Amino acid sequence: MADALASALRGLRGSVARLPRWIPLRRLGRLRPTTVRARATAGAVVVVAVALAVASFALLGLLRADLLRNAERDAAQQAQTVAGLAAAGDLDRMRPAGLGADFVQVVNARGRVLRSTPNLAGLPALAPVTPLRPGTSFHTWRVRPLGGEHRQRVVQVTTQTPQGLVAVFVGTSLRDVDAADDTTTAALVVGGPLLLATVGFVTWRVTGRALRPVEAIRAEVAEIGDRDLHRRVPVPPTRDEVARLAETMNLTLDRLESSGIRQRRFIADASHELRSPITVLRTQLEVALAVRDQELWPELIGGALEDVERLQQLASDLLLLARIDAAQPVPAERLDLGGVVRDAVEARLGDRVPVRVSLAADVVVEGSGLWLARVVTNLLDNAQRFAAGRVDLTLRTVGGPRARTAVLEVADDGPGIAPEDRERIFERFTRLDDARSRDHGGAGLGLAIARDLTSHHGGTLTAADSPGGARLVVRLPVAPPAPDTALTPAPRVHTDR
């Protein structure tokens, strides 16, 4: 076995060495399938080929074992009968080979043929080894005097007789076994490639049909540029994974289109907002240069400083919006929301209207203290801008013990918000009263920043009904209890307001 394996390896190396020099071996690796369709087809063919080979070997083995068992049974019965006659010393009563046996030969311990059927008359003993001990054994030989076309399954029964050990050989032809092997092998040789070709063809067609919508989606996406975000990929009528892929792709394109529109609008609005204070600042500086009266310079420089402050605040807001749009992760810190709100209110100086605060205890949330304080500051700035004489800030919780929600409300007694404007006020650079907002220094970014920061914390910011004025409501999920984790103290917020 080892010599045969070594010889096969030497032959394989010789075959590789005899390959033409103009065929690089690395090109053989390029024959591997590179497309999903080709890989699926090759995989299906290989799997079916392996399964077919295993099933073929199993079928041939079972068929051969069954036929061989039937042949051995008939020969063994006749061998036992002849062995009984030999043990009784009555070989003269031995009959010719019966059904299922081709020959019978009886040999003594010295190799002398005592009895045999006519087709073995005059021939020497079949077994080259003399019988040693009683028992039954099976052999497979080619008995040339019988023609040699088919193998013979020989049953040897050794028994004790008055003259010593005697071996009885009864042979039965394996023509049925060989014929079944040949027929089954021929059927597998012819049918196997046909089956593999059919599997490959069907897999190729089915895979191509299944991947056709994917190719259409790919081709459509390849043609969509930054100016064609309004286009959508085709959704196949099938309700399978490819259809869900197309729907997801269209949703992604919707988000990209909305983001592009929002970005272009933001750039246009930011340019407009920056142009106005820059123009005013330039005018004031030109007037200051033209005026020679030094007593007017403090007033002109004070106005210029106010515009610089507006520019600084606007630039800070635009930078924060850029950070929010970049989807930077929120620091996961456990915070006492009541402490954050209290510090944000105490840090405010010079509010036009006093803020009445009502805070529930033990309201713990997860997030960034600086960003949550910025939400409170922006809501209070908005309320101070429009309140007549009252600003109320309330913090409470709603819901069950396992799914509580923190509710932060800021209400004022100003002109209120019309129902049709309750969503528009959260758009960037939106002012319901443009002239009054400019007088108060607003750029239309405070509520937009507050909503974006709230969304980053998994909450919502909405405008609710209020009988006399406006009421803005923030809802944030309450953090699950964690007794072993210390709360992060609320950051001190400093403002020049």
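Laboratory data are not the source of any read-out in this text; all were calculated from the coordinates shown. Predicted model, so just to flag it, every value in this text is computed and none were measured. Glycine also receives a Cβ, built like all others from the backbone with ideal geometry; neighbour counts cover every protein chain displayed.
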(request) Over the residues of the range 330-477, compute the C-alpha Rg and express it relative to 2.2 N^0.38 Å. (result) 1.00
(message) Once R0 is set to 56 Å, what does the formula 1/(1 + (r/R0)^6) return for the Cβ-Cβ distance between residue 160 and residue 195, expressed as a FRET efficiency to the nearest 0.05?
(response) 0.50
(message) At a 10 Å Cβ-Cβ cut-off, how would you order 455, 173, fewest neighbours first?
(response) 455, 173
(message) Could you tell me the ratio Rg/Rh of the range 275-374? Both radii from Cα atoms, Rh via Kirkwood.
(response) 1.17
(request) Mind checking the full-extension length gain between residue 179 and residue 215? Use 0.36 nm per residue of separation minus the Cα-Cα distance, one decimal, nm. (result) 7.7 nm
(request) Calculate, in whole percent, how much of the Cα-Cα pair population of the range 251-296 lies beyond 17 Å. (result) 58
(request) Using R₀ = 41 Å, calculate the FRET efficiency as 1/(1 + (r/R₀)^6) where r is the Cβ-Cβ separation of residue 288 and residue 319; round to 0.05. (result) 0.90
(request) Give me the distance in nm between label points sitting 7 Å out from Cα along the Cα-to-Cβ direction at residue 255 and residue 361, one decimal. (result) 4.3
(request) Would you please give the FRET efficiency between residue 244 and residue 348, computed as 1/(1 + (r/R0)^6) with r the Cβ-Cβ distance and R0 = 51 Å, to the nearest 0.05? (result) 0.50
